[in-house]
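Data block below; observations after.
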Amino acid sequence: MSIGKILIANRGEIAVRIIATCRQLNIKTVAVFADPDRHAKHVQMADEACHLGSANLADSYLNIDKLIAAAKIHQVDAVHPGYGFLSERAEFAEALAKHNIIFIGAPAEALRLMGSKSAAKQTMLQADVPCVPGYQEADQSTDTLRQAAAEIGYPVLIKAVAGGGGKGMKIVHQASDFDDQLKSAQREAKNAFGDDQVILEKYITQPKHIEVQVFADQHGHVVHLFERDCSTQRRYQKVIEEAPAAGLSDATRTDMLNAAVKATQAIDYVGAGTIEFIMDGDDSFYFMEMNTRLQVEHRVSELITGVDLVAWQIKVAQGEPLPKKQTEIHESGHAIQVRLYAEDPTNNYLPSTGLLERVQLAVADHVLVDSGVGTADSVTIHYDPMIAKLVVWAKNRKTCIKRMQQVLDESAVFGVKTNIGFLSHLLSTKAFLKHQIYTNSLDQGELAYLPSLSPEVVAIYADHLLSTPGSARVWDRANGWRLQGNQPLQLQLFHQGTEHHFTVTWEDDAYLINGQDHYLPGPQDRCHVHRHQVQVVHNHLRHEFSLPDYEAKASVADANAIIAPMPGKIIELKVKDGDQVRAGTTLVVMEAMKMELELKAEADATVKAVHHQANDQVQAETVLVDMEPV
């Protein structure tokens, strides 16, 4: 059957990306949207659009009945689920089939099998695919799981059977922490997937996350499109991905690619998929899971192979054979993708919500920008806080890193906090350059991001001020550049909550900061300014500060209260009125923007009053618990 119209059961950058391929194939598209997305980019780009309901996911992007009704009203031939939401839900694929609508994804049987981490692991063991030692049985009693963890040996990893994206995943380093971590993992899994079952695995202390892009058609053909290194993660959320993986021996790469194909063949798979492996320090690798959908990081595989994976998905869904045989798929060059998020790396990476006052993303040759938002859009609490994916290709890894740094240098986002400076920092570290970042490196406090307000940074900002028309810097034939009236420039800046004062003068063809530290900004330095916010880029590192009249709305925890750092839902209250607590004790567990936050006491204290209860929705800066320091 030839597909002429597709409904995209998703939102944001992946919906935009699918629409782009459909346009190239002359296929009409139907966007769906919830209330917050009424004017979103994917809605504007599609040929038709259908309103689903409120921001509540159960009323919109996760409502199978509404999506099928929309598909029938708009008379589509197929539905593309993107990734996340319903992309791996077997019941969605089956419901579409009942209405003779093509599901552009994996067969329901494969979705169901690989959707269970325990069943997936058992299947791979039977297919002789190497797997991490662990426990994946049906008995989910706490006693049984605790005993299994002891037999595996600590540290162990608790993983939600139906999980993904780090939800329901906990590392347990000692037996005394097992019960609490198990409870937290089960709670996260139940909230995110409606299933609190878990498996246990031996935790590898220096793991690399290597995954293989696979593709299969309805005629029994299976190919791989090489591997990706996705080891740069934080809280199991990928931050930077690249293809091919650096540092793999030829023998290991060949074995891994062959194992991925074998794993795909073992389940009679159809469509795009990813076999994820974990690799230890001696190049041994083990099956972790299969993602039965397109991946967020699929772009890096596209750039090194020249293949449009969405186009392949559509062709395979139509019943066509794979466009290329394995011997016809070749890799060329290197590709890196970074995920630009609305979050604050200097405040425990808390997601940041609000109006995107200015979004400036660099565009250049061999650069892809996948984004579902832009200037004047908002980042809300309802969805993932991703602003964009920036993807770069070059002939080799070293050049690719340099090109990505340039792209980040020339990009800026204002209105919300972002991780753009953190991304630049990671790319500049020796660990990344030598491909020695492991999946736990960031969570262990390595590679900390601590931007400073150095004299060089101040000089770059001063140069920006004085280089604009009407500034205080003038040209003097006898003395060259000087400040008008020979008056020094006085700057008052705020950096990480602290006020700083600087005196800037021009001397010996360079800026003098507080009477010392000469610096003349170079061609690679950048200064991005929007209203009262400043971002200076020096040596590919970003330094952010604000001017005196910048009004930040930040909630600050203190010893007298626990304050909600952002809008969200209270999951658990661990204290009651009158309790004595120690500094560092978790008092409240919140859920916001798909992340579970533990709010801790800043000092030893007595709980005076608990103002909310579990399941309450609260706004940012709401006082949750009042305390009296002791």
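Please note which strands (runs of 3 or more DSSP E) are completely contained in region 571-630 and include at least 1 residues that are outside the structural domain of Ser184 (by TED's automatic domain parsing) and basic (Lys, Arg).
Correct list: 595-600, 605-610.
Is at least one residue of region 41-53 surrounded by fewer than 21 Cβ atoms within 10 Å (Cβ to Cβ) and under 21 Å from Glu297 (Cβ atoms)?
Yes: region 41-53 contains one or more residues that are surrounded by fewer than 21 Cβ atoms within 10 Å (Cβ to Cβ) and under 21 Å from Glu297 (Cβ atoms).
So Lys98 fits all but one of (1) in contact with a strand residue (DSSP E or B) (Cβ under 9 Å, 6 or more places away or on another chain); (2) surrounded by fewer than 17 Cβ atoms within 10 Å (Cβ to Cβ); (3) basic (Lys, Arg); what number is the exception?
Lys98 satisfies every listed condition except (1).
Go through (1) modelled with pLDDT under 95; (2) more than 28 Å from Trp312 (Cβ to Cβ) for Gly164 and report which single condition fails.
It fails just one condition, (2).
Hey, any hits in region 18-38 for a residue that's basic (Lys, Arg), touching a helix residue (DSSP H, G or I) at 6+ places or on another chain (Cβ under 7 Å) and either over 25 Å from Gly163 (Cα atoms) or not assigned by TED's automatic domain parsing to the domain that holds Gly163 (or both)?
No, there is no match, as no residue in region 18-38 is basic (Lys, Arg), touching a helix residue (DSSP H, G or I) at 6+ places or on another chain (Cβ under 7 Å) and either over 25 Å from Gly163 (Cα atoms) or not assigned by TED's automatic domain parsing to the domain that holds Gly163 (or both).
Looking only at region 17-34, how many residues end up being outside any loop (DSSP other than H, G, I, E, B), touching a Gly at 6+ places or on another chain (Cβ under 7 Å) and surrounded by fewer than 23 Cβ atoms within 10 Å (Cβ to Cβ)?
Summing the residues that are outside any loop (DSSP other than H, G, I, E, B), touching a Gly at 6+ places or on another chain (Cβ under 7 Å) and surrounded by fewer than 23 Cβ atoms within 10 Å (Cβ to Cβ) in region 17-34 gives 2.
Based on what the data block shows, is Leu350 at pLDDT below 95 and either aliphatic (A, V, I, L, M) or over 26 Å from Ile401 (Cβ atoms) (or both)?
Considered against the rule, which asks whether it is at pLDDT below 95 and either aliphatic (A, V, I, L, M) or over 26 Å from Ile401 (Cβ atoms) (or both), Leu350 comes out as yes.
If you go through region 231-284 one residue at a time, how many are over 19 Å from Ala335 (Cβ atoms), small (Gly, Ala, Ser) and either assigned by TED's automatic domain parsing to the domain that holds Lys170 or outside any loop (DSSP other than H, G, I, E, B) (or both)?
Number of matching residues: 5.
On the basis of being aromatic (Phe, Trp, Tyr), assigned to a loop (DSSP other than H, G, I, E, B) and crowded, with 24+ Cβ neighbours inside 10 Å, does Tyr83 make the cut?
no
Inspect region 114-136 for any residue being crowded, with 21+ Cβ neighbours inside 10 Å and among the acidic types (Asp, Glu) and give the result as yes or no.
Checked against the condition, which is being crowded, with 21+ Cβ neighbours inside 10 Å and among the acidic types (Asp, Glu), region 114-136 yields no hits at all.
Return the total of residues in region 109-161 being among the β-branched types (Val, Ile, Thr), in a loop (DSSP other than H, G, I, E, B) and either in contact with a Pro (Cβ under 7 Å, 6 or more places away or on another chain) or closer than 29 Å to Ala95 by Cβ (or both).
Selection size over region 109-161: 1.
Evaluate the following for Leu225: is it aliphatic (A, V, I, L, M) and in contact (Cβ under 8 Å) with a residue 40 or more places away in the chain?
Yes.
Is it the case that His219 is part of a loop (DSSP other than H, G, I, E, B) and either touching a residue at least 12 places away in the same chain (Cβ under 8 Å) or under 21 Å from the mean Cα position of the chain (by Cα) (or both)?
yes
Just one of Pro345, Pro385 is within 19 Å of Gln295 (Cβ to Cβ) and either buried (at least 17 other Cβ atoms within 10 Å of the Cβ) or not polar (S, T, N, Q) (or both); which is it?
Every option except Pro385 fails the conditions.
With region 331-428 as the region, which strands (runs of 3 or more DSSP E) entirely inside it contain at least 3 residues that are over 27 Å from Leu248 (Cα atoms)?
Where strands (runs of 3 or more DSSP E) fall fully within region 331-428 and carry at least 3 residues being over 27 Å from Leu248 (Cα atoms), they are 358-360, 367-371, 386-394, 412-414.
Working carefully through the options Gly164, Gly105, find the one that is in contact with a Lys or Arg (Cβ under 7 Å, 6 or more places away or on another chain) and either closer than 30 Å to Thr21 by Cα or assigned to a strand (DSSP E or B) (or both).
After ruling out the rest, the residue left standing is Gly105.
So which pairs qualify, if the first residue must be in region 268-295 and crowded, with 20+ Cβ neighbours inside 10 Å, the second must be of a type in the set (Asp, Glu) and assigned to a loop (DSSP other than H, G, I, E, B), the Cβ gap must be under 6 Å, and the two must be at least 6 apart or on different chains?
Thr292/Glu88; Arg293/Glu88
List the pairs whose first member sits in region 357-372 and is over 14 Å from Lys402 (Cα atoms), whose second member is basic (Lys, Arg), and whose Cβ atoms are under 7 Å apart, counting only residues at least 6 apart or on separate chains?
Here the result reads Leu368/Arg299; Asp370/Arg17; Asp370/Arg299; Asp370/Lys389; Gly372/Arg11; Gly372/Lys41, each pair linking region 357-372 to a residue that is basic (Lys, Arg).
Pick from region 50-64 the residues that are touching a residue at least 24 places away in the same chain (Cβ under 8 Å) and out of contact with any Pro (no Cβ under 6 Å at 6 or more places or on another chain): which of them is nearest to His99 (Cα to Cα)?
My answer is Ile64.
Pairs only if they're at least six apart or on different chains, beta carbon under 6 angstrom, first in region 167-180 and closer than 18 Å to Asp195 by Cα, second in a loop (DSSP other than H, G, I, E, B); list them, first residue then second.
Sorted first by the residue in region 167-180, then by its partner, the pairs are Met169/Tyr236.
Given the criteria β-branched (Val, Ile, Thr), buried (at least 21 other Cβ atoms within 10 Å of the Cβ), touching a strand residue (DSSP E or B) at 6+ places or on another chain (Cβ under 8 Å) and in a helix (DSSP H, G or I), does Val457 qualify?
Criteria met by Val457.
Are any residues in region 427-438 among the hydrophobic types (A, V, I, L, M, F, W, C) and surrounded by fewer than 22 Cβ atoms within 10 Å (Cβ to Cβ), and if so, which ones?
Leu427, Ala431, Phe432, Leu433
Here is a check on your reading of the model: is Asp409 under 16 Å from the mean Cα position of the chain (by Cα) and either at negative phi or not assigned by TED's automatic domain parsing to the domain that holds Asn348 (or both)?
no
The values are calculated or read from the model by the stated rules, or taken from the named source; none is laboratory data. Predicted, not measured: the structure shown is a model, and the values here were computed from it. Using ideal geometry, Cβ is built from the backbone for each residue, glycine included, and neighbour counts are taken over all protein chains shown.
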